[in-house]
1. What distance in nm lies between label points placed 7 Å from Cα along the C-beta direction at HIS76 and ARG28?
2. At q = 0.10, 0.19 Å⁻¹, what is the log10 ratio I(q)/I(0) for the chain, with the Debye formula run over Cα points and no solvent?
3. Quick check: the distance between the Cα centres of segment 58-100 and segment 6-46, to the nearest angstrom?
4. With an 8 Å Cα cut-off and a minimum separation of 6 or more residues, compute the relative contact order for the chain in percent.
5. State in Å² the accessible area per residue of segment 1-97; use a 1.4 Å probe, count heavy atoms of protein chains only, and round to the nearest integer.
6. List the lysines whose alpha-carbon lies under 26 Å from that of LYS111, not counting same-chain residues fewer than 8 positions away?
7. Tell me, in nm to one decimal, what length is gained between ARG49 and ALA98 on full extension, where the rule is 0.36 nm per residue of separation less the Cα-Cα distance?
8. Given only helices, namely DSSP H runs of n ≥ 4 each adding -39500 (n - 2.57), what is the per-residue ellipticity at 222 nm of the chain, to the nearest 500 deg cm²/dmol?
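The values are calculated or read from the model by the stated rules, or taken from the named source; none is laboratory data. What you see is a predicted model, and the numbers here were worked out from it, not measured in a lab. Positions of Cβ are backbone-derived with ideal geometry, glycine not excepted, and every protein chain shown enters the neighbour counts. Calculation scope for accessible area: heavy atoms of the full protein, side chains included, ligands and nucleic acids excluded. Shrake-Rupley method; radii C 1.70, N 1.55, O 1.52, S 1.80 Å.
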Amino acid sequence: MNYTHFVSVAGLVSNDNGEILLIKSPRRGWEYPGGMVEPGETFQEALIREIKEELDTEITVDKFITTVEYDYPEFHLVMDCFWCSIKNGELKLLEHEAARWLPLDDLLQVKWLPADLEVINDINF
């Protein structure tokens, strides 16, 4: 079977309390903010752009965490994940129905998209 191949980025945005930002889109489960990498962009540039577009917030991309590869029924996803921090702005939901902050120990309390769930195994607590 010939899958479409998507390259994306995800940001694990943390706050001063050590909590991680989760977002929820209307048609999907909980996920980390981020999105597709456009031609000519670095992963870091794509993540900064996506979070600005989705949440009207400027971030700093701090450290690489992991690359997740996941086969959804319709496509193959390659997602690079980074620790991020807020540089400027108040989080505004421009494309999602909900957002919440969760402590690292509580990340398994929500229904994640499958690829995003795999990231939890690679987080250094």
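1. Calculated label separation equals 1.9 nm.
2. Result of the Debye calculation: -0.28, -1.08.
3. Between the Cα centre of segment 58-100 and that of segment 6-46, the gap is 1 Å.
4. 33
5. Each residue of segment 1-97 exposes 55 Å² on average to a 1.4 Å probe.
6. LYS24, LYS52, LYS63, LYS92
7. 15.7 nm
8. One gets -4500 deg cm²/dmol as the mean residue ellipticity at 222 nm.
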